[in-house]
Every structure is written in structure tokens, then in C-alpha cells.
1. Check 356, 367 and return the single one that is touching a helix residue (DSSP H, G or I) at 6+ places or on another chain (Cβ under 9 Å), farther than 22 Å from residue 325 by Cβ and not aromatic (Phe, Trp, Tyr).
2. Given 192, 216, which one is modelled with pLDDT of 95 or more, in the same structural domain as residue 56 (by TED's automatic domain parsing) and either over 21 Å from the mean Cα position of the chain (by Cα) or buried (at least 17 other Cβ atoms within 10 Å of the Cβ) (or both)?
3. Restricting attention to segment 336-346, does a residue exist that is free of Cβ contacts under 8 Å to residues at least 12 places away in the same chain and within 26 Å of residue 397 (Cα to Cα)?
4. Search segment 153-165 for residues that are within 19 Å of residue 93 (Cα to Cα) and in the same structural domain as residue 142 (by TED's automatic domain parsing) and pair each with any residue that is in a helix (DSSP H, G or I) and among the small types (Gly, Ala, Ser) when their beta-carbon atoms are under 7 Å apart and the residues are at least 6 apart or on different chains.
5. Working carefully through the options 248, 264, 269, 277, find the one that is within 19 Å of residue 198 (Cα to Cα) and touching a strand residue (DSSP E or B) at 6+ places or on another chain (Cβ under 7 Å).
6. Looking at 316, 343, 284, 351, which is the one that is touching a Lys or Arg at 6+ places or on another chain (Cβ under 7 Å) and in the same structural domain as residue 362 (by TED's automatic domain parsing)?
7. Any residue in segment 174-187 that's surrounded by fewer than 17 Cβ atoms within 10 Å (Cβ to Cβ): show its pairings with residues that are among the hydroxyl-bearing types (Ser, Thr, Tyr) and in a loop (DSSP other than H, G, I, E, B) at Cβ separation under 8 Å, as long as the two are six or more apart or on different chains.
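The values are calculated or read from the model by the stated rules, or taken from the named source; none is laboratory data. Small disclaimer: the values here were computed from a predicted structure and weren't measured. Note: ideal-geometry Cβ built from the backbone for every residue, glycine included; neighbour counts use all protein chains shown.
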Amino acid sequence: MDNELIKRLETLGVRRGLSAKSPRVHLPSPSKRSIEEVLPEGRFWPDHSRSIFILDHVYPANFQHGNRSLEMPPEEQVYPGLFNGGLETDHEGLLFLDVETSSLSPGSGNLVFLVGLGHWTPEGYHSHQVFLNDPTEEISFLAYLDNWINRFPVLVTFNGQAFDLPVLHHRFLINGLRSEILKKTHVDILHFARRLWHKRYPSRRLAFLENEVLGFIRGQDEIPSWMVPEIYQNYLFQGKNDLLPGVFYHNKMDIVSLAGLFVFIESLFQQPDWDLFSADEAYALIREMERHRHERLIRFLHELIQTPRYSDDPKAAPLWLLIGRIYIRHGWTSEALQCWDKAAGLNSIEACLELSQYYEREQRDYSTALVWLDRAIAILDTSPSPKEKQRFGALSRRRLKLLTQFARRSHAT
């Protein structure tokens with residue numbers, strides 16, 4: 001244990017070992033609740049008697065989690081677009097975090113009793129699980145976690161913005177501890193999952209995504225998350241420890257799958273393979289790249305428009321429309337017109353209107369503008385949507401305006 005953390009604990013009134021005057025908490029006898037019996041590979045944190053239990057595991061660099069390798073040179077820079085604020089760090093600066101709590105409901109009585117931490121080292125991916133074996137030593141537990149968290153510039157979670165980080169912050173406050181956990185740079189993989197896969201997958205739960213995206217299926221040791229609080233309570237008050245390995249397994253797999261999803265999502269930003277994506281996924285990824293001002297966005301779009309995969313896909317019309325709009329904003333007019341033409345060929349009303357506006361405003365070619373406007377009206381006429389039908393009035397007025405301009409141009413010549 002480092003001296004800095006020892007001093008922090010002592011200022012809080014925490015002493016190593018048990019004082020003779022320390023109040024006794026009447027918990028089940030060690031023989032009934034010994035965690036070492038079921039998790040012999042773990043160890044107690046030696047500076048505090050049986051209060052904090054540690055379980056470490058190192059996955060070698062070539063480890064495959066489902067169909068995804070966790071191999072990652074720790075010194076390699078993380079794609080900065082994943083962070084807000086332009087922070088730059090290597091993969092060794094990422095700390096993956098997942099918590100298990102004593103209740104599924106928020107509140108002051110909801111203890112964080114197990115925190116899974118994951119990080120890359122030269123040896124591979126290291127999972128470090130910290131277990132609160134004695135709730136009366138929660139201050140020591142939290143100080144230990146705070147010491148770990150402060151070593152890393154970036155936290156990575158799954159739904160951590162809504163759950164893991166606020167609940168940890170709440171425990172710090174209740175125990176009178178200061179923590180900067182809510183101010184740290186944070187990547188919430190759930191937010192990326194929602195934006196990237198909201199159309200492809202019916203669920204964005206971690207367990208679902210690790211099946212579908214990573215091709216990983218959990219083993220028989222898995223414990224459903226809804227059972228976890230009851231298992232911890234049974235351990236504390238009845239000494240039942242037979243299901244604790246399943247809780248540790250559940251938490252460890254969350255940490256490993258979290259790293260796998262991070263690797264996968266980062267690879268999408270670094271070199272997307274458009275042949276593997278549906279039109280909806282490609283659309284979502286491009287939107288995400290544009291949101292993060294990806295420096296290679298135009299290069300990736302050049303690669304995508306050469307892919308025949310989306311040319312005849314009826315679902316690809318929004319994709320071609322989006323690419324055209326990005327191209328036009330960056331001054332690639334010819335490419336934009338090609339993309340809008342493809343979208344119009346897939347019956348995109350918006351693409352027809354973009355083309356009509358371009359020829360009207362940029363080329364003063366009212367004849368061609370009318371052709372594209374009439375095409376939009378024809379597509380609209382076949383639409384079964386009452387909402388779309390309401391656009392007839394606006395398009396008719398625009399058509400009248402174009403006819404007037406066309407007549408004036410013809411008369412002038």
C-alpha cells in the first residue's frame with residue numbers, strides 16, 4: 001500500500017488492523033462466510049484486516065473475446081474523436097469501470113460492493129476487481145478506489161453517466177470524501193451503441209451487444225444482474241458464499257466485453273470496412289464521424305461511394321442524401337450531385353429537392369430545377385403517408401415560382 005493512501009486514510013480516522021477499542025460488528029463467523037473458500041485465487045488487501053478483497057486476472061495480448069481480439073499496444077494513441085475536449089492519451093490511460101450494488105434502486109442505502117476495473121498493460125488486458133467484504137470499512141474501500149481511479153486520465157463505462165459514476169460519487173459524499181470522478185474525461189459506450197445501432201438491433205444492453213457484435217456467449221457461471229444484490233445480502237447476513245463466484249464472473253465479463261466493444265468502435269473510426277455495414281449502420285457511423293469532425297471523413301466517403309453494396313439498396317437513400325450534403329458543405333459539388341442522383345433513383349424526395357434547389361440557385365437552370373421538382377412531386381403522389389401528402393401545397397407553390405422564373409428567363413432571351 002503506498003504511503004500517500006495510508007496518510008489519506010489516517011486523516012479520516014482509519015487505522016490499519018483492528019484496534020482493541022474498535023466496535024465489533026456481529027456478522028456471521030468467518031468459517032461460514034469465508035470468501036477465500038470459493039475464490040482461492042483472490043487475496044485480501046493486506047493493510048486492512050479482511051475488509052477489502054482483490055481479484056486480479058491478466059488476459060494475454062492475443063486473447064480472443066468472442067470474435068474480437070483484445071490485443072492493443074498500450075502506448076498506441078486512442079482516436080481523440082472519442083473524447084470531448086480534444087484530450088490525447090494512449091490506451092494505457094484508459095480505465096474501464098463497472099460497479100455492482102446492493103440494490104437495484106437508487107438511495108442512500110445502496111452500497112457499491114464490487115467494482116471491476118480494467119486496463120491495458122504490456123502483458124495484456126488486466127482486470128482488477130475490488131470487493132467490499134466488510135461494509136463498516138466502506139471508507140477504506142472508497143479511498144482505495146479513488147487512488148486507482150486517479151491514476152488514469154479517462155474512464156470508460158457502459159451506462160456509467162447515468163448509473164456507475166453517480167452512484168459512486170454519492171457514496172463518496174455520504175462518507176465525507178471528496179472525489180473528482182464526475183469531472184474526469186468519460187467515454188460512455190452505451191451512447192455510441194445507441195447512435196450506431198439503434199436501427200439494426202432491438203436492444204442496446206451490454207449482454208445483447210456482446211452476443212451480436214463480439215460473438216461472445218457467457219458461460220454457465222454467469223449470474224443475472226437482477227440476482228446480484230440478493231446474493232451479496234445473503235453473503236453478509238447468512239454467510240452464503242456459493243454464488244459469489246458467479247457475481248465476480250458477471251462483473252469481470254462486463255469489464256472484458258466493455259473493452260471489446262471499445263476496440264470495435266474505435267476500429268470503425270480508424271478504418272471502416274463499408275462492405276460489412278448495412279446502410280443504416282453506415283449512415284449512423286458517418287453521422288458520428290461528422291459530429292466529431294473526423295479528419296479523414298472525406299477520404300472515407302470517397303471509399304464508400306466506390307462500394308457497390310449500397311447502390312440498389314432501397315434503405316440507402318438517406319445514406320446517399322447525407323453523403324451529398326456533407327460533400328456540398330466541403331465544396332465537393334460533383335460528388336454531391338452524384339450522391340443525390342443515386343438517392344433520387346431510390347425515390348428520395350429530399351434528394352430531388354436538393355437537386356432542384358442546386359440547379360435553381362447555383363446554375364439558374366430553371367428547366368432542370370423543374371424536372372427535379374416534378375420528380376419529387378411524382379414520388380410524393382405515390383406515398384401512402386398522410387404527413388407526406390401535406391407537402392403538396394408547398395411544392396405546388398414552389399413549382400409556380402419556378403415556372404414564373406423560367407418564363408421570365410425565356411422572355412428575356
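1. 367
2. Details: 192 fails: modelled with pLDDT of 95 or more.
Every option except 216 fails the conditions.
3. Let us first name the residues in segment 336-346 that are free of Cβ contacts under 8 Å to residues at least 12 places away in the same chain, namely 345.
Cutting the leftovers down to within 26 Å of residue 397 (Cα to Cα) gives us 345.
Yes, segment 336-346 contains a residue that is free of Cβ contacts under 8 Å to residues at least 12 places away in the same chain and within 26 Å of residue 397 (Cα to Cα).
4. 153/93; 154/93
5. Step by step, each of 248, 264, 269, 277 is checked, and only 264 is within 19 Å of residue 198 (Cα to Cα) and touching a strand residue (DSSP E or B) at 6+ places or on another chain (Cβ under 7 Å).
6. Details: 316 fails: touching a Lys or Arg at 6+ places or on another chain (Cβ under 7 Å); 343 fails: touching a Lys or Arg at 6+ places or on another chain (Cβ under 7 Å); 351 fails: touching a Lys or Arg at 6+ places or on another chain (Cβ under 7 Å).
None of the other options fit; the residue is 284.
7. Matching pairs, first to second residue: 174/108.
Residue by residue, here is whether (1) over 12 Å from residue 247 (Cβ atoms); (2) at pLDDT 90 or above; (3) surrounded by fewer than 19 Cβ atoms within 10 Å (Cβ to Cβ) holds:
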{"position": "96", "(1), (2), (3)": "yes, yes, no"}
{"position": "100", "(1), (2), (3)": "no, yes, no"}
{"position": "108", "(1), (2), (3)": "yes, no, yes"}
{"position": "111", "(1), (2), (3)": "yes, yes, no"}
{"position": "118", "(1), (2), (3)": "yes, yes, no"}
{"position": "121", "(1), (2), (3)": "yes, yes, yes"}
{"position": "130", "(1), (2), (3)": "yes, yes, no"}
{"position": "133", "(1), (2), (3)": "yes, yes, no"}
{"position": "137", "(1), (2), (3)": "yes, yes, no"}
